[in-house]
Amino acid sequence: SQTIHQWPATLVQPVGSPLSLECTVEGTSNPNLYWYRQAAGRGLQLLFYSVGIGQISSEVPQNLSASRPQDRQFILSSKKLLLSDSGFYLCAWRFGLSSGNTIYFGEGSWLTVV
Amino acid sequence: TQLLEQSPQFLSIQEGENLTVYCNSSSVFSSLQWYRQEPGEGPVLLVTVVTGGEVKKLKRLTFQFGDARKDSSLHITAAQPGDTGLYLCAGPRNTGGFKTIFGAGTRLFVKA
């Protein structure tokens with residue numbers, strides 16, 4: 001079976017500091033990978049998605065970047081955090097082939113920028 | 001633009017009551033998913049519906065996909081405090097690719 005894990009679960013960072021959130025998927029090959037942000041009381045906003053190693057698509061202009069150095073590893077980064085980067089970040093994956101649309105989520109990472 | 005509209009946005013009920021939440025669109029979806037999310041955790045998949053008119057049951061939860069595949073409903077019988085959470089519906093974009101559309105969710109609170 002497939003599993004997804006992201007870390008850290010909670011992070012408090014000062015404005016201007018760097019960020020690195022990591023996500024790994026096990027039990028499948030060549031998954032589609034996603035980073036979402038969920039503001040308090042609001043819906044899911046797609047930030048980045050990747051269909052393969054080194055292939056990153058950005059959905060919205062922002063202070064964040066993503067990388068996929070390995071097939072099942074997805075990293076969300078920032079060089080200098082802003083207060084507005086605070087939120088709940090979710091990594092997710094989907095089968096790479098068109099065998100259904102179901103997305104599976106990680107546990108989430110709470111980021112508070114102070 | 002494909003949208004999924006969920007209603008109600010918020011629902012607070014007593015333990016033992018029944019409830020239905022809705023997920024509607026003007027667009028046809030090839031499938032729809034329902035997730036439940038608890039505070040501080042990632043959404044957990046409850047069900048995927050694929051066929052128009054399909055009904056799926058998961059213990060006290062009944063999911064229905066509309067005949068035209070433009071809407072779905074989730075009915076909970078005899079709600080329990082453990083059902084509390086954010087219920088999200090989602091579906092694939094018709095333009096293909098790898099993106100999913102999410103509704104804004106229904107926040108359910110079941111009081112003991």
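The values are calculated or read from the model by the stated rules, or taken from the named source; none is laboratory data. Note that this is a predicted model, so its numbers are computed, not measured. We place every Cβ from the backbone using ideal geometry, glycine too, and count neighbours over all the protein chains shown. Side chains are part of the model used for accessible areas, which takes the heavy atoms of the whole protein and leaves out ligands, DNA and RNA. Shrake-Rupley method; radii C 1.70, N 1.55, O 1.52, S 1.80 Å.
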Rounded percent of accessible protein surface that carbon and sulfur make up, chain A, 1.4 Å probe:
55 percent
In the protein assembly as shown, taking the dipole from +1 charges on Lys and Arg beta carbons and -1 charges on Asp and Glu beta carbons about the Cα centre, the listed residue (B:N24, A:V51, A:W35) farthest towards the positive end is A:V51
Evaluated at q = 0.15, 0.17 Å⁻¹: base-10 log I(q)/I(0), Debye formula over Cα of the stretch B:5-99
-0.58, -0.74
On average, how many beta carbons from a partner chain sit within 10 Å of the beta carbon of a residue in A:24-31?
0
Between the stretch B:25-45 and the stretch A:37-114, how far is it from one alpha carbon centroid to the other, in angstrom?
17 Å
Protein heavy-atom accessible area occluded, A/B pair - total, 1.4 Å probe, Å²
1600 Å²
Applied in sequence order to the stretch B:37-47, the curve 6.51 cos²θ - 1.76 cosθ + 1.60 (Karplus, θ = phi - 60°) yields integer Hz couplings, x standing for Gly and Pro, of 10, 9, x, x, 10, x, x, 10, 5, 9, 6
Accessible-area loss of at least 40 Å² in the complex relative to the chain alone (1.4 Å probe) applies, within the stretch B:69-112, to B:F98, B:K99, B:T100, B:F102
So for chain A, Kirkwood radius off the Cα pairs, Stokes-Einstein at 37 °C and 0.692 mPa s: how many µm² s⁻¹?
232 µm²/s
What percentages make up the Cα-Cα pair-distance distribution of the protein assembly as shown when the bins are 10 Å wide from 0?
8, 32, 34, 20, 5, 0
